[in-house]
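I have a structure I would like to understand better, so I am pasting it below and will then ask my questions one at a time.
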Amino acid sequence: MIAARSQARLLGLPGSLRRGSYSLAVLRGLQPALSSAVDLQIGDLRLPLYDQDEDGPSTPQTVQAFRQAVAESDGIVIATPEYNHGIPGVLKNALDWASRPLGRSALTGKAVLVISVSPAFTGGVRAQAQANETLLAIQSRPVLGPQVVIGNVADKIRDGRLTDEPSLHFALSAIDRLIALCPAGHQAEYAQPSLN
């Protein structure tokens with residue numbers, strides 16, 4: 001009999017590449033706020049542009065490593081800004097790579113939570129909708145329930161991390177819903193630690 005792992009392994013995908021990325025700050029803020037039963041690693045979306053000619057035996061090593069990280073995770077947490085009423089190209093490109101090979105994507109059936117962020121009060125709701133539409137097309141399992149949108153995000157970050165407690169609590173409750181969709185070994189209760 002194989003023992004279940006003691007931790008749920010989540011992969012965080014920040015939808016922005018800039019050094020001061022709010023999306024990255026949200027994921028970094030979540031890491032220490034999670035229960036010790038949850039491990040959130042942050043992926044790197046610096047991937048070449050998707051090119052079907054390069055997808056196969058010559059798939060770039062960075063893409064292979066990214067797909068492997070997706071496959072080995074129990075669930076995905078996307079934190080994304082909104083660019084021109086939609087998701088950034090870097091995130092769409094990563095999802096396009098992860099959606100292949102057709103019929104054998106590591107994202108098929110994978111639970112995915114989308115968190116959108118914006119300096120505007122709207123919190124990136126249009127990016128949230130577009131990301132979930134793409135995830136449904138890939139046949140992953142978007143987390144249902146209240147959408148996690150973080151408006152006025154610039155005021156909620158200190159030292160490169162999300163520190164706003166109401167936003168963290170709201171995101172953590174969504175991560176609980178994500179974990180409930182993870183493989184059977186991780187459906188135990190993951191109580192949220194205190195943020196004090």
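Restricting the search to the range 86-103, which residues are open to solvent by less than 10 Å² (accessible area, probe 1.4 Å) and either closer than 18 Å to Ala71 by Cβ or among the aliphatic types (A, V, I, L, M) (or both)?
We begin by selecting, within the range 86-103, every residue open to solvent by less than 10 Å² (accessible area, probe 1.4 Å); these are 86, 88, 91, 94-95, 97-98.
Once the filter is applied, which keeps residues that are open to solvent by less than 10 Å² (accessible area, probe 1.4 Å) and either closer than 18 Å to Ala71 by Cβ or among the aliphatic types (A, V, I, L, M) (or both), the range 86-103 yields Leu91, Ala94, Leu95, Trp97, Ala98.
Next up: Hey, among Ala171, Ala106, Ala129, Ala120, which residue is open to solvent by less than 40 Å² (accessible area, probe 1.4 Å) and modelled with pLDDT under 95?
After ruling out the rest, the residue left standing is Ala106.
Quick check: is even one residue across the range 16-29 buried (at least 21 other Cβ atoms within 10 Å of the Cβ), in contact with a Leu (Cβ under 6 Å, 6 or more places away or on another chain) and not in a helix (DSSP H, G or I)?
Within the range 16-29 (the criterion being buried (at least 21 other Cβ atoms within 10 Å of the Cβ), in contact with a Leu (Cβ under 6 Å, 6 or more places away or on another chain) and not in a helix (DSSP H, G or I)), the answer is no, since none of the residues qualifies.
With the condition kept exactly as written, say whether any residue in the range 73-80 is open to solvent by 20 Å² or more (accessible area, probe 1.4 Å) and part of a loop (DSSP other than H, G, I, E, B).
Keep residues of the range 73-80 that are open to solvent by 20 Å² or more (accessible area, probe 1.4 Å), which gives none.
For the range 73-80, residues open to solvent by 20 Å² or more (accessible area, probe 1.4 Å) and part of a loop (DSSP other than H, G, I, E, B): absent.
Also, quick follow-up: Please count how many residues of the range 1-15 are modelled with pLDDT under 95, open to solvent by 10 Å² or more (accessible area, probe 1.4 Å) and touching a strand residue (DSSP E or B) at 6+ places or on another chain (Cβ under 6 Å).
Here the count works out to 1.
Test Val112 against the stated conditions and say whether it is open to solvent by 20 Å² or more (accessible area, probe 1.4 Å), in contact with a helix residue (DSSP H, G or I) (Cβ under 9 Å, 6 or more places away or on another chain) and in a strand (DSSP E or B).
no
I need the full set of residues from the range 30-64 which are closer than 30 Å to His169 by Cβ, over 14 Å from the mean Cα position of the chain (by Cα) and in a loop (DSSP other than H, G, I, E, B), in order please.
If the condition is that a residue be closer than 30 Å to His169 by Cβ, over 14 Å from the mean Cα position of the chain (by Cα) and in a loop (DSSP other than H, G, I, E, B), then Leu34, Ser35, Ser36, Ala37 are the ones that fit.
Answer with yes or no whether Gly160 is of a type in the set (Gly, Ala, Ser) and surrounded by fewer than 21 Cβ atoms within 10 Å (Cβ to Cβ).
Numbers: of a type in the set (Gly, Ala, Ser): yes; surrounded by fewer than 21 Cβ atoms within 10 Å (Cβ to Cβ): yes.
Yes.
Would you please list the contacts, defined by Cβ atoms under 7 Å and residues six or more apart or on different chains, that run from a residue in the range 42-55 that is within 14 Å of Arg100 (Cα to Cα) and acidic (Asp, Glu) to a residue that is at pLDDT 90 or above and in a helix (DSSP H, G or I)?
none
Say whether the condition of being open to solvent by 80 Å² or more (accessible area, probe 1.4 Å), modelled with pLDDT of 90 or more, touching a strand residue (DSSP E or B) at 6+ places or on another chain (Cβ under 9 Å) and of a type outside the set (A, V, I, L, M, F, W, C) is met by at least one residue in the range 135-151.
Yes: one or more hits.
The values are calculated or read from the model by the stated rules, or taken from the named source; none is laboratory data. All values derive from a computational prediction rather than experimental measurement. Counting neighbours? That spans all protein chains shown, and the Cβs are built from the backbone with ideal geometry, glycine included. To get the accessible areas, we keep the full protein, side chains included, count just its heavy atoms, and leave off ligands, DNA and RNA. Shrake-Rupley method; radii C 1.70, N 1.55, O 1.52, S 1.80 Å.
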